[in-house]
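S.K.: Handing you a structure now.
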Amino acid sequence: MTFPDIVPELKSQMPDLRGRLLANESLTPLTWFRVGGPAQALFTPADEDDLAYFLRHLPEEIPVGCIGVGSNLIVRDRGLPGVVIRLPPRGFGEVTIEGDAVRAGAAALDRRVAEAAAAASISGLEFYFGIPGTIGGALRMNAGANGSETRDVLVEARALSRHGERITFDNSAMAFDYRKSGVDPSVIFTGAIFRGRIAEPEAIRARMDEVQAHRETVQPIREKTGGSTFKNPPGQSAWKLIDAAGMRGHRVGGAQVSDMHCNFLINTGEATARDIETLGETVRERVKQHSGIELQWEIKRIGLKHDPEKWKPVFG
Ligand SMILES: Cc1cc2nc3c(=O)[nH]c(=O)nc-3n(C[C@H](O)[C@H](O)[C@H](O)COP(=O)(O)OP(=O)(O)OC[C@H]3O[C@@H](n4cnc5c(N)ncnc54)[C@H](O)[C@@H]3O)c2cc1C
């Protein structure tokens, strides 16, 4: 699918834009699943001022959203109308230490933040070591692992509104909940400050190694995947419900429920976004039939919908 080219018109309205604005750019290489159609326009801002300028001048009727490194995303095959923003490490990826606090740009990888904290003897951020996203994605998702999550360590997040105004959210204003923030979806996070506590570096390093070693044994982290597909229902494990419903290893086209961890879906090679989403909906349907529990997607699905008829569960 190709969208009408809005880039020349946008550029003419933004003569001082310094970032890169591309038309009909495929998002496939920008997601872990390696599926999905194009963004009508993909914007890579030069820095925060450039992003604010872009948002101030972007016509109201053009939809806009932000992605990180796509480790929690299914981009649908028909792509996204409007503008997708991707913050580059240069301009948004800096990580600095101030005492027991870590300041990180939204494009910084969680892993790098954990490493910087460890190098400065700051404990509390070890859980980020195994999460393959960016700080922007962690703020939006309240990313967490091994009993800790973003809300436990965040002091404040810096952001821009849809209209380019600068906003700061303290921890409570982030309205964190299990794998989500209540902040308006139009808000784009640009950075954050975290606080840990000073501890022995060896103990921090050991904790990070433990986190990583455990992950390698229980998750298919080298596959094309989006991590945990569904949220754990209160008091339950999504993977156990999926396993009990007989869906381990189930396939739709090139998409498969991981044999290793059945709350992970994987692209075995030639999957489309539709295959993956249909497989996810099939899993939900089967779990509902088996246990009466309705699983909720943790993975974000973005882009023009496939024909809803085609979401009918596909049973093998
Ligand atoms: C192998 C694997 C293991 C994983 N393990 C874990 C885990 O243990 N714990 C966990 O919590 N998650 C895990 N995940 C999921 C994922 O890594 C996290 O949700 C991560 O926080 C997503 O970050 P991202 O940069 O990839 O965001 P994306 O996937 O690109 O986007 C996710 C959401 O964040 C929004 N977003 C991204 N950047 C910004 C920004 N700057 N401003 C506003 N919104 C933004 C997007 O719009 C989207 O809604 C795993 C994923 C994989 C593939």
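The values are calculated or read from the model by the stated rules, or taken from the named source; none is laboratory data. Owing to the predicted nature of the structure, the values given are computational and were not obtained by experimental measurement. Don't worry about glycine lacking a Cβ; one is built from the backbone with ideal geometry, like all the others, and counts go over all protein chains shown. For accessibility, only protein heavy atoms count, side chains too; no ligands or nucleic acids. Shrake-Rupley method; radii C 1.70, N 1.55, O 1.52, S 1.80 Å.
S.K.: With a sphere of radius 15 Å drawn around the Cβ of ASP47, what net charge do the other residues whose Cβ falls strictly inside it have (Lys, Arg +1; Asp, Glu -1)?
M.R.: +2
S.K.: So with the 1.4 Å probe, I'd like the accessible area per residue for the chain, rounded to whole Å².
M.R.: 45
S.K.: Tabulate in residue order the Karplus-calculated ³J(HN,Hα) for the range 151-167, using 6.51 cos²θ - 1.76 cosθ + 1.60 with θ = phi - 60°, rounded to whole Hz; enter x for Gly and Pro.
M.R.: Residue by residue, the range 151-167 yields 5, 6, 10, 6, 8, 7, 10, 9, 7, 10, 7, 3, 9, x, 7, 7, 9 Hz.
S.K.: How would you classify the range 238-308 from its alpha-carbon gyration tensor, with a ≥ b ≥ c the square roots of the eigenvalues: rounded for a/c under 1.5, else prolate if a/b is greater than b/c, otherwise oblate?
M.R.: It is oblate, given that a/c is not under 1.5 and a/b is not larger than b/c.
S.K.: Determine, for each peptide in 5-15, 234-244, the mean count of other beta carbons within 10 angstrom over its residues, then list the peptides with the highest first.
M.R.: 234-244, 5-15
S.K.: Additional query: What ranking do 194-206, 263-275 get when scored by the average of other Cβ atoms within 10 Å per residue, highest first?
M.R.: 263-275, 194-206
S.K.: Which three extents, in angstrom, do the Cα atoms of the chain have along their principal axes, listed largest first?
M.R.: Principal extents (Cα only, largest first): 56, 55, 31 Å.
S.K.: Given the pairs LYS240/LYS300; LYS11/LYS224; LYS11/LYS305; LYS11/LYS180, which are separated by over 25 angstrom at their Cα positions?
M.R.: LYS11/LYS224; LYS11/LYS305; LYS11/LYS180
S.K.: Please report how far the C-alpha centroid of the range 193-267 lies from that of the range 18-41, rounded to the nearest whole angstrom.
M.R.: 26
S.K.: Would you calculate the convex hull of the Cα atoms in the range 13-89 and tell me its volume per residue in Å³?
M.R.: 86
S.K.: Then there is this: Mind jotting down the distance between the C-alpha centroids of the range 55-83 and the range 91-121, whole Å?
M.R.: Each part's Cα centre sits 26 Å from the other's.
S.K.: Same structure again: If Lys and Arg each add +1 and Asp and Glu each add -1, what is the summed charge of the other residues whose beta carbon sits under 13 Å from the beta carbon of ARG195?
M.R.: Here the charged neighbours net out to -2.
S.K.: Looking at the range 212-267, I'd like the Rg to Rh ratio, where Rg is from alpha-carbon atoms and Rh is Kirkwood's inverse mean 1/r.
M.R.: Radius of gyration relative to Kirkwood radius: 0.96.
S.K.: Rounded to a whole number, what % of the accessible area of the range 230-297 do carbon and sulfur atoms account for, probe 1.4 Å?
M.R.: Heavy-atom surface of the range 230-297 belonging to carbon and sulfur, 1.4 Å probe: 43 percent.
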